[in-house]
Amino acid sequence: MLVGVESDLLGDGLKRVQEEVDACFDAFLPVPADTRARLVEAMRYAAIGGGKRVRPLLVASTSEMFGVDRDAAIQTGTAIEAIHVYSLIHDDLPCMDDDDLRHGKPTLHHQFDEATAVLAGDALHALAFDMLADTATSTDPFVRSELIATLGTASGMNGMAGGQMMDIVADEEGVDYDLHAVTRLQQLKTGALLAASVEMGAILGKVPPEGRTHLRAYARDIGLAFQIADDLLDVEGDQDKAGKALRKDEAQGKQTFVTLMGADKAREQARALVDQAIAHLGSHGSEADMLRALARFIVERDR
């Protein structure tokens, strides 16, 4: 449980990174004085002023352990957040989840229109890689290349988009996934970007691949814990606090960690994963406290 100093550390860290990511999006998304304005206004509507910013905080916290410049970490984290935001815009469309509410306000296709929402998602996807290719992210071309490759893999068919396809096939064709398949689906759909956030923080710190093994294990465990917590929130959460529609999984007959394990066992599994994730950080001292606090926050959040 988050208590005292750890709770304050996380609260301050989330507030700070939310402000920094909003400022970064603001700097990269000036509204042009021509007919592209609606597109950029839509991008700003979706990207600025919403979301927990867990992924950018994972980047910033990991990279800080290795002495990385804060501005470079925030630009990298904002690139990952651009991918996350684009995925939410597209997920909310009528052809996907057909949602009306996101972060407590109308989804983008309701606020603007479907065509603008599609293009805003496309443009945020492109923006992510523009940010990573920028020398402000790193003056080292090998670092920039590895960052781009890591995010590309995490967001494509072997990552987030692949997991989303598995989810769609289950919905459309009535495929009943077992626990192994649901775990694989969520490792791709949700876990891949979380894992990339930790990995990219280490890449910025020029940690060699063999030195990232424990961080990958940490990221894998918090990714699964994050999704189990999401499944529990869908069943038990408060829609006003969540800022989005809940109880959807049950209505759609989806196989989730909760339907397959039951709420009590799912909660127990999430906590065990968090304990395991924190144990992977045993070789680090207080410099990893934010990562520990984030792991605990993942299973205790209410949105």
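The values are calculated or read from the model by the stated rules, or taken from the named source; none is laboratory data. Predicted model, so just to flag it, every value in this text is computed and none were measured. Here the Cβ positions follow ideal geometry from the backbone for every residue, glycine too, while neighbour counts run over all protein chains shown. Each accessible area value is taken on the protein alone, full model and side chains, heavy atoms only, with ligands, DNA and RNA left out. Shrake-Rupley method; radii C 1.70, N 1.55, O 1.52, S 1.80 Å.
Observations, loosely collected:
- Residues in the range 170-217 that are aromatic (Phe, Trp, Tyr) and open to solvent by less than 20 Å² (accessible area, probe 1.4 Å): 0 in all.
Yes/no per residue for (1) out of contact with any strand residue (DSSP E or B) (no Cβ under 7 Å at 6 or more places or on another chain); (2) of a type in the set (S, T, N, Q); (3) in contact (Cβ under 8 Å) with a residue 24 or more places away in the chain:
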residue	(1), (2), (3)
149	yes, no, no
159	yes, no, yes
171	yes, no, yes
175	yes, no, no
178	yes, no, yes
187	yes, yes, yes
207	yes, no, yes
221	yes, no, yes
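- Single residue of 153, 135 found to be surrounded by fewer than 23 Cβ atoms within 10 Å (Cβ to Cβ) and outside any helix (DSSP H, G or I): 135
- The residues of the range 1-49 that are small (Gly, Ala, Ser) and either in contact with a helix residue (DSSP H, G or I) (Cβ under 8 Å, 6 or more places away or on another chain) or more than 27 Å from residue 91 (Cβ to Cβ) (or both), listed by number, are 4, 7, 11, 13, 33, 42, 46, 47, 49.
- Qualifying residue in the range 252-263 (condition: of a type in the set (A, V, I, L, M) and open to solvent by 60 Å² or more (accessible area, probe 1.4 Å)): yes
- Residue 189 vs. criteria at pLDDT 85 or above and not in a helix (DSSP H, G or I): no
- Cross-chain or 6+ apart pairs with Cβ under 8 Å, the range 286-302 first and closer than 12 Å to residue 274 by Cβ, then open to solvent by 20 Å² or more (accessible area, probe 1.4 Å) and among the acidic types (Asp, Glu): 292/6; 293/6; 296/6
- Looking across the range 138-150 at every residue that is assigned to a helix (DSSP H, G or I) and among the charged types (D, E, K, R), the one that is most open to solvent (accessible area, probe 1.4 Å) is identified as 146.
- Selected residue [at positive phi and free of Cβ contacts under 8 Å to residues at least 12 places away in the same chain] from 113, 98: 98
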